[in-house]
Structure formats: C-alpha cells, structure tokens
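Each remark here refers to the structure printed beneath this line.
The values are calculated or read from the model by the stated rules, or taken from the named source; none is laboratory data. Since this is a predicted model, take the numbers as computed values, not measurements. With ideal geometry, Cβ positions are generated from the backbone for all residues, glycine too; neighbour counts draw on all protein chains shown. Heads up: the accessible areas ignore ligands, DNA and RNA and are worked out on the full protein's heavy atoms, side chains in. Shrake-Rupley method; radii C 1.70, N 1.55, O 1.52, S 1.80 Å.
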Amino acid sequence: MLIELEHVTKVYNQGLANEVTALREVSLRIDDNSMVCLRGASGSGKSTLLSIIGCVFQPTSGRVAIAGKQLSRLPDRFLTLHRRRYIGFIFQNFNILPALSVEENIMLPLVPLGMRPMVMREKAAVLMERFGISHRRRFPAGQISGGELQRTAIARALVNDPPLILADEPTAHLDSRLSHEFMDFMADLKAAGKTIVITSHDALVTEHKAVDRVIDIRDGRIHVS
C-alpha cells in the first residue's frame, strides 16, 4: 500500500499562545509490502506522523496520498471509512478493553461495518487460532497474560484484513522475549504482503532483519544522516 507525503506540516493549537509545530515540511514515500521504522525521541513528531498516515489527524498543510487516493482534505467521515477498511492499529498500551472477552476485543473493528455476528466470530476465530489464543476466547481480557494481550491486539488490528498496519511504540512495555515475538509476527505479516509502519527507538525493532528502512525524525523533520 503505497504511502506518499509531500511537504506535510502539522501545527497544534494554531494561532494560540500554546501553538506547537509537530511536523515541518515532511516529504516521504513508503513502498508497498515494506516495513519501515520511524525513529525519534519523545516529542520528535514520529507519533504525529504515524497518526497522519493513519488518517487520525489531518495535516495543517501539505499532501497525503495512500494507494493513489488523496486524503489531505477529505471530510472526517470519509477518513473514518478509509481507516476502517484499510488500516490496522497496534497501540503502545494495546488499548484492550479489560471487561470484554478476548473474542469481543478482536471483533470490535468489525462492529461499525454492520457485519453479522456469526461472520465476525468466524473472522475472530481464524485469528485466535493463528496466534494461539483460542483457549482464551471467553476470558475477560483483563485476566490474560502480557503475551496474550499482545496477540489479542495484533489479531484485532488484522481482523478486517487491512493492507496497512501501523504500530506506535509497540515494544515500549514488553520484555525482550515478547519484543522478539512481536517483531517475528510483524515479519510474518510483511511476508504475507502487508505494509507496516512502526514508531520506535528500540534497537530490537530498528535492527530487525525484516525492517527495510529506518527514518530518523528530529524536531519534526526527517533527518538524513
């Protein structure tokens, strides 16, 4: 899923005393079926850039296109539809709802699509089997282990079969074993044809053999060493 950004700037609280420029004239191209890591310190702008790629935020200026579709000035409702159909998110803290079961958490992205419950359960079942958590399907997510939470989060990101996977600091709260496991999962997804963009400054991520390119971001700009 080709991603193209041209001269993208993002300003928060524009015109106010607390105005912050998070991105400055960022131009970037990410090819289909690749794994790219956005690397930078906290506050560098990497999470803002990921959110713009993921259609969560609109840029203040500049152009964003995904798979040839111009997204920079689309109304929010169209961005929401695009996000549901084409993008899977894996969050730093997983954002799993502890009171819901593992199965219910995985099915959540399908609910707005109006799918029949039986179809949603079938899709979730395939992914639970793939990631070895079928035996936890009825467990409240708040009662499963960290590794099982991680697998649940990945399954939820994949349940609508999106071509683009975005992961924001996914190994920040994981030990080295789970971090290795996560990156192996990402390598498998890339091998299956997905495009993956990860924000991280974890060497275990940036130096993984499946990562095609590491992009350094400093003070809202892409830094070329």
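With respect to being at pLDDT below 90, within 29 Å of residue 150 (Cα to Cα), of a type in the set (Gly, Ala, Ser) and part of a loop (DSSP other than H, G, I, E, B), residue 72 falls outside the description.
Residue check: residue 43 meets all listed conditions (1) over 18 Å from residue 219 (Cα atoms); (2) among the small types (Gly, Ala, Ser); (3) assigned to a loop (DSSP other than H, G, I, E, B) but one, namely (1).
Among the conditions (1) closer than 25 Å to residue 190 by Cβ; (2) charged (D, E, K, R); (3) part of a strand (DSSP E or B), the only one that residue 10 does not satisfy is (1). For region 165-196, a residue qualifies if it is over 20 Å from residue 206 (Cβ atoms) and under 16 Å from the mean Cα position of the chain (by Cα), and exactly one does: 193. If you go through region 113-148 and pick out every residue that is open to solvent by 70 Å² or more (accessible area, probe 1.4 Å) and either of a type in the set (Ser, Thr, Tyr) or assigned to a helix (DSSP H, G or I) (or both), you end up with 11. The set of residues in region 184-225 being of a type in the set (Lys, Arg) and surrounded by fewer than 20 Cβ atoms within 10 Å (Cβ to Cβ) consists of 190, 209, 213, 218, 221. Quick one: is residue 77 out of contact with any Pro (no Cβ under 7 Å at 6 or more places or on another chain), over 21 Å from residue 24 (Cβ atoms), without any contact (Cβ under 8 Å) to a residue 24 or more places away in the chain and open to solvent by 70 Å² or more (accessible area, probe 1.4 Å)? Spelling it out, residue 77 is indeed out of contact with any Pro (no Cβ under 7 Å at 6 or more places or on another chain), over 21 Å from residue 24 (Cβ atoms), without any contact (Cβ under 8 Å) to a residue 24 or more places away in the chain and open to solvent by 70 Å² or more (accessible area, probe 1.4 Å). Within region 161-183, if we keep just the residues that are in a loop (DSSP other than H, G, I, E, B) and in contact (Cβ under 8 Å) with a residue 60 or more places away in the chain, the residue that is most open to solvent (accessible area, probe 1.4 Å) turns out to be 173.
Mind listing whichever residues of region 3-24 are open to solvent by 70 Å² or more (accessible area, probe 1.4 Å), over 18 Å from residue 38 (Cβ atoms) and in contact (Cβ under 8 Å) with a residue 24 or more places away in the chain? Correct list: 14 only.
Taking region 80-91 as the range and being in contact with a helix residue (DSSP H, G or I) (Cβ under 9 Å, 6 or more places away or on another chain) and in contact (Cβ under 8 Å) with a residue 40 or more places away in the chain as the test, the residues that pass are 84, 85, 87, 88, 89, 90, 91.
Applying the criterion of being free of Cβ contacts under 8 Å to residues at least 60 places away in the same chain and among the polar types (S, T, N, Q) to the residues of region 92-104, the residue that is surrounded by the most Cβ atoms within 10 Å (Cβ to Cβ) is 101.
A single entry from 33, 93 fulfils the requirement of being closer than 30 Å to residue 144 by Cβ and part of a loop (DSSP other than H, G, I, E, B): 93. Just wondering, is there one or more residues in region 137-151 that are touching a residue at least 12 places away in the same chain (Cβ under 8 Å), within 18 Å of residue 192 (Cβ to Cβ) and in contact with a Gly (Cβ under 8 Å, 6 or more places away or on another chain)? Yes, region 137-151 contains a residue that is touching a residue at least 12 places away in the same chain (Cβ under 8 Å), within 18 Å of residue 192 (Cβ to Cβ) and in contact with a Gly (Cβ under 8 Å, 6 or more places away or on another chain). Residue count for region 184-203 satisfying the condition of being aliphatic (A, V, I, L, M) and part of a helix (DSSP H, G or I): 5.
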